[in-house]
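*Asks:* Can you read through this structure? Questions will come right after.
Bear in mind these aren't lab numbers, they're just calculated from the coordinates by the rules spelled out. Being a predicted model, the structure only gives us computed values, none of them experimental. Ideal geometry is used to build each Cβ from the backbone, glycine not excepted, and the neighbour counts take in all protein chains shown.
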Amino acid sequence: MQRTLVLLKPDCVQRRLAGQVIERFENKGLNIIAMKMMRVTPELARKHYHEHVDKPFYPNLEAFITGGPVIAMILEGLNAIALVRRMLGATSGLDAMPGTIRGDYSNSRQMNLVHASDGIEAAEFEMGLYFSDAELCPYTPTLIPWLQAPNE
């Protein structure tokens, strides 16, 4: 089992797509073990996107991610990090394949609806920025035997 941070970005919330995106993750069998609506502060944005702070595009990125509420989630499941990123599609909605979240709902590189951790180290770091251990609610759904074989 793996855990990953997912942010439904301000464009996702404003366009009222959050329910549809969450439904896709649940339908795939991923567990939501933490979730909250919040505003990303400039300080949190700088921590989260620390590798981009000195890049020319950063001011626009910060203005975007702090411009409205986000829904932060921790998803848990088999190979959750790679699975979620495949479900999202290419970073730019213009390049994302139909059937992916970005391919179906986005036409922008920046306004691409959802952020997901890109690796194990990033997931650990990002989950710690948005959630305390006390906010996690792990559980085993009773339908697990119908979602995956016992040896998976």
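*Asks:* Based on the Cβ-Cβ distance from Leu147 to Asp54, what FRET efficiency comes out when R0 is 35 Å, to the nearest 0.05?
*Replies:* The value I calculate is 0.20.
*Asks:* Also, I was wondering about something else. Report the equivalent ellipsoid semi-axes for the chain in whole Å, largest first, defined as the square roots of five times the eigenvalues of the gyration tensor built from alpha carbon atoms.
*Replies:* Square roots of five times the eigenvalues give 25, 18, 14 Å.
*Asks:* Once amide H atoms are built 1.01 Å from N in the peptide plane, which residues 5 or more positions from Asp118, or in another chain, come under 5 Å H to H?
*Replies:* Hits under the 5 Å cutoff: Ala123.
*Asks:* Where the only charges are on Cβ atoms (+1 Lys, Arg; -1 Asp, Glu), what is the dipole of the stretch 2-133 about its Cα centre, to the nearest 20 debye?
*Replies:* Here the stretch 2-133 has a charge dipole of around 360 debye.
*Asks:* Mind sorting Phe25, Phe57, Phe64 by how few other Cβ atoms lie within 10 Å of their own Cβ, fewest first?
*Replies:* Phe57, Phe64, Phe25
*Asks:* Could you run the Karplus curve 6.51 cos²θ - 1.76 cosθ + 1.60 with θ = phi - 60° over the stretch 65-82 and give me ³J(HN,Hα) per residue in whole Hz, x for Gly and Pro?
*Replies:* Here the 3J(HN,Hα) series is 5, 9, x, x, x, 10, 10, 9, 9, 10, 9, 10, x, 5, 6, 4, 4, 5 Hz.
*Asks:* Grab the chain and count how many Lys pairs have their alpha-carbon atoms under 20 Å apart, sequence gap of 8 or more, or different chains.
*Replies:* 4
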